[in-house]
Amino acid sequence: MLTIALDPAALITTFDPRSLIYLFDMIGIVACSVSGTILAKHKNFDVFGCLLVSIVTAIGGGTVRDVILDRHPLFWMVDMSYLTVITLSSLVMQIFFHPNSRRVDRFLKLSDTIGLSAFTLIGIKVADSMDANVPVALLLGVITIVVGGIIRDMICNEIPLVLQQEIYITAALAGGILYFALHNLGVTPWVADVSAMSTIFILRMLAIRYDWQFPTIEWRY
């Protein structure tokens, strides 16, 4: 009889994180493409309008990040799977999602939160791989996720979500700080990655569930 012994410790130490990071990147691409398509379709954009919004939402932040880092060629120009996945996910959503569904807001916030979790981590890791210091890496992680959403909301004539009182950038920064803390403690890289993403996702979903918001600063005289 053939027996296979699995050593959990060996699996953790020998796991190649690159495939997991690529998966996270694609999850973020799909999530942001879906969020862009949902909002555009809710605004009654045509097929190509929805596709355009989904593209800028999914790759806008990463493009700005790579330009700042002088990282060429741009990731979506050398790997056509990005545009392919964006196109397919956008078309699927356009076919099966009703623009007047009462679940629009729920789906939009869920997909946006998934994208927030994945793209913040990707942005931080890309910046870290280019030897950026911690504050700059955190900033570029935020840029990776917020730029696409800002462009999406502006095209759809909405006040950008990140400029409202939502707990959004705060969740991204909290996850990013946790990532670097775990990294400095010598935690296995993919464990740090998953922990950071989970923290961002949970904080954002809790903020949505319990309506956590930042107060505005008002001058009283």
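Structural remarks
- The one condition in (1) at pLDDT 95 or above; (2) surrounded by 24 or more Cβ atoms within 10 Å (Cβ to Cβ); (3) not small (Gly, Ala, Ser) that residue 85 fails to fulfil: (2)
- Residues being modelled with pLDDT under 95, in contact with a Lys or Arg (Cβ under 9 Å, 6 or more places away or on another chain) and under 20 Å from residue 28 (Cα atoms) are represented in region 148-160 by at least one member.
- Exactly one residue out of 131, 112 is among the acidic types (Asp, Glu) and surrounded by 17 or more Cβ atoms within 10 Å (Cβ to Cβ): that is 112.
- Residue match in region 135-149 (condition: out of contact with any Leu (no Cβ under 8 Å at 6 or more places or on another chain), under 22 Å from residue 71 (Cα atoms) and not in a helix (DSSP H, G or I)): no
Each row is one residue, and each column tells you yes or no for (1) acidic (Asp, Glu); (2) closer than 29 Å to residue 105 by Cβ.
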position: 131; (1), (2): yes, no
position: 142; (1), (2): no, yes
position: 147; (1), (2): no, yes
position: 151; (1), (2): no, yes
position: 170; (1), (2): no, yes
position: 174; (1), (2): no, yes
position: 192; (1), (2): no, no
position: 196; (1), (2): no, yes
position: 211; (1), (2): yes, yes
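- Selected residue (criterion: surrounded by the most Cβ atoms within 10 Å (Cβ to Cβ)) from residues of region 41-75 that are assigned to a helix (DSSP H, G or I) and at pLDDT below 95: 41
The values are calculated or read from the model by the stated rules, or taken from the named source; none is laboratory data. All values derive from a computational prediction rather than experimental measurement. Every residue, glycine among them, receives a Cβ derived from its backbone with ideal geometry; neighbour counts consider all protein chains shown.
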